[in-house]
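Undergrad: Here it is: the structure, laid out below.
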Amino acid sequence: MGGYNFNNPTYIFRFDYVGFKGLNVGGSYTKNNVYNYVTLKTVAPKNKDKDSLIFKPAFALSITDLHASYNDYNITAKVQYASVSHDEKVLGFKSQDGFLFEAGYDLLSEEDALIPFYRYEIISNKAGFEKSGNSKEANDLVIDKATINYHTFGLNYKPLSQVVIKAEYQSKKSELKDADAITTLSFAVGYMF
């Protein structure tokens, strides 16, 4: 999925305020006409023997983002709201929105860092389904029509500013009836060039 050529520009408006040390507050708005390439398998799961791509007409896409972050006095915190909407049904819903909050504290305050943190995320498809209805295409693709909540507890260790060793425990819970919580434990190493 992607827009291309000079007859189909992407418009991006962004602002950020950094008037206080460690604080960033801002937002952005993006608008574009998107060309959607999908396989016949995707739009018609019964045609499992057909793999050819089909071309669907462009639809208008807009993304709105509001964000704020603070990083000073050993405190790291960020909050973000984002909303995606389009003027035609795509995979059965017209819009999605989500919210994220994360806070952590550096226990070392030296050249290296040890930061326990908590992150809360919520993603909602409800608004989009209420507007566009419960489409068969969305059911075929098993799209979650409810709000999904994520709670993550983690620990970041940075022996160098460019290197991070991460451990995270996450619980994911959908508001769909009879949905069980899904928990995961993950470890990762990252390097920033």
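The values are calculated or read from the model by the stated rules, or taken from the named source; none is laboratory data. As the structure is a prediction and not an experimental result, all values here were calculated from the model. A quick note on method: Cβ atoms are made from the backbone with ideal geometry, for glycine too, and the neighbour counts reach across all protein chains shown.
Undergrad: Report, by residue number, each residue of region 161-193 that is hydrophobic (A, V, I, L, M, F, W, C) and either part of a strand (DSSP E or B) or under 13 Å from Y150 (Cα atoms) (or both).
TA: Within region 161-193, V163, V164, I165, A167, A181, I182, L185, F187, A188, V189 meet the criteria.
Undergrad: Continuing with this model, one more query. For region 103-118, which residues satisfy the criterion of being surrounded by 14 or more Cβ atoms within 10 Å (Cβ to Cβ) and aliphatic (A, V, I, L, M)?
TA: Answer for region 103-118, where residues must be surrounded by 14 or more Cβ atoms within 10 Å (Cβ to Cβ) and aliphatic (A, V, I, L, M): A103, A113, L114, I115.
Undergrad: Ok, one more. From the list N47, N139, N71, exactly one residue is modelled with pLDDT under 85 and over 28 Å from A179 (Cα atoms). Which is it?
TA: Just a single option satisfies the conditions, and that option is N47.
Undergrad: Test of understanding: among F20, F59, F13, which residue is modelled with pLDDT of 95 or more and out of contact with any helix residue (DSSP H, G or I) (no Cβ under 7 Å at 6 or more places or on another chain)?
TA: Of the residues listed, the single one that is modelled with pLDDT of 95 or more and out of contact with any helix residue (DSSP H, G or I) (no Cβ under 7 Å at 6 or more places or on another chain) is F13.
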